[in-house]
1. Would you check if Arg1 is modelled with pLDDT under 95, open to solvent by 30 Å² or more (accessible area, probe 1.4 Å) and touching a His at 6+ places or on another chain (Cβ under 7 Å)?
2. Quickly run through the stretch 20-34 and pick out the residues that are surrounded by 10 or more Cβ atoms within 10 Å (Cβ to Cβ) and polar (S, T, N, Q).
3. Report the residue count in the stretch 4-14 for those that are surrounded by 10 or more Cβ atoms within 10 Å (Cβ to Cβ) and either within 22 Å of Ser104 (Cβ to Cβ) or charged (D, E, K, R) (or both).
4. Considering each of Ala47, Ala70, Ala17, Ala37 in turn, give the residue that is touching a residue at least 60 places away in the same chain (Cβ under 8 Å), among the aliphatic types (A, V, I, L, M), open to solvent by 40 Å² or more (accessible area, probe 1.4 Å) and on the phi < 0 side of the Ramachandran plot.
5. Condition first: touching a strand residue (DSSP E or B) at 6+ places or on another chain (Cβ under 7 Å), modelled with pLDDT of 65 or more and surrounded by fewer than 17 Cβ atoms within 10 Å (Cβ to Cβ). Can you find one or more residues in the stretch 98-118 that meet it?
Amino acid sequence: RHEKLNPYTRVGDMVIAMNPFQWLTHLYSEEQRTLFADKIIFKAPEAGDPRKGLPPHIYETSAMAYRGLAAHGLHQSILVSGESGSGKTETVKIIMKHLAAVQSLSADSAIFSADATDAIVKRILESNALLEAFGNAKTVRNNNSSRFGKYIQLQFDVEDGRSAELAGKKLPTCVLA
């Protein structure tokens with residue numbers, strides 16, 4: 001998988017990623033975002049696993065969470081875990097950007113647009129850089145390693161059982177021992 005520049009694999013409902021230490025443009029294109037949004041959210045089958053036929057990808061995680069929230073009204077959690085330098089921060093950014101893009105779509109116009117993000121979404125995505133600036137230090141494995149855990153709560157307004165609108169972000173105060 002590494003030689004084929006394919007960092008994702010799936011174990012049950014979990015997506016496992018290996019940090020490729022480079023940006024893989026082909027994995028994060030508009031076509032990929034649209035593919036996962038269509039197959040898992042907007043054009044998902046009534047029964048069965050909507051991921052069937054899709055390759056493992058972090059977009060499936062964000063799309064499945066959005067679907068569970070918008071279509072089923074269920075609270076969702078995504079856990080990103082790994083060693084220092086494993087790509088957790090980049091993975092969270094990819095998930096947040098995908099959720100922001102998906103929530104700006106309607107089932108009729110499943111086309112992503114860089115201009116589709118509203119002011120709340122833009123502030124949420126931009127605030128992640130500020131969070132990264134606190135508590136980071138250079139380590140043997142990583143020049144910008146976090147010295148703390150992050151818990152980010154994205155808040156959505158669910159209106160019609162097909163869509164959810166990003167309404168805000170909450171960062172509870174946590175102390176790690």
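1. Working: modelled with pLDDT under 95: yes; open to solvent by 30 Å² or more (accessible area, probe 1.4 Å): yes; touching a His at 6+ places or on another chain (Cβ under 7 Å): no.
No; evaluated as a whole, the condition is false for this residue.
2. The answer is Ser29, Gln32, Thr34.
3. Here is the first cut: in the stretch 4-14, the ones surrounded by 10 or more Cβ atoms within 10 Å (Cβ to Cβ) are 5-10, 13-14.
Narrowing further to those that are either within 22 Å of Ser104 (Cβ to Cβ) or charged (D, E, K, R) (or both): 10, 13.
Qualifying residue count for the region: 2.
4. Values: Ala47 fails: touching a residue at least 60 places away in the same chain (Cβ under 8 Å); Ala70 fails: open to solvent by 40 Å² or more (accessible area, probe 1.4 Å); Ala37 fails: open to solvent by 40 Å² or more (accessible area, probe 1.4 Å).
Unique residue meeting the criteria: Ala17.
5. Applying the first criterion (touching a strand residue (DSSP E or B) at 6+ places or on another chain (Cβ under 7 Å)) to the stretch 98-118 yields 99-100, 103.
Now drop any that are not modelled with pLDDT of 65 or more, which leaves 99-100, 103.
With the extra rule that they be surrounded by fewer than 17 Cβ atoms within 10 Å (Cβ to Cβ), the set shrinks to none.
So far as the stretch 98-118 goes, no, none of its residues is touching a strand residue (DSSP E or B) at 6+ places or on another chain (Cβ under 7 Å), modelled with pLDDT of 65 or more and surrounded by fewer than 17 Cβ atoms within 10 Å (Cβ to Cβ).
The values are calculated or read from the model by the stated rules, or taken from the named source; none is laboratory data. Predicted, not measured: the structure shown is a model, and the values here were computed from it. Glycine gets a Cβ as well: all are built from the backbone with ideal geometry, and neighbour counts include every protein chain shown. Ligands, DNA and RNA are stripped out before the accessible areas are found, and what is left, the full protein with its side chains, is counted by its heavy atoms. Shrake-Rupley method; radii C 1.70, N 1.55, O 1.52, S 1.80 Å.
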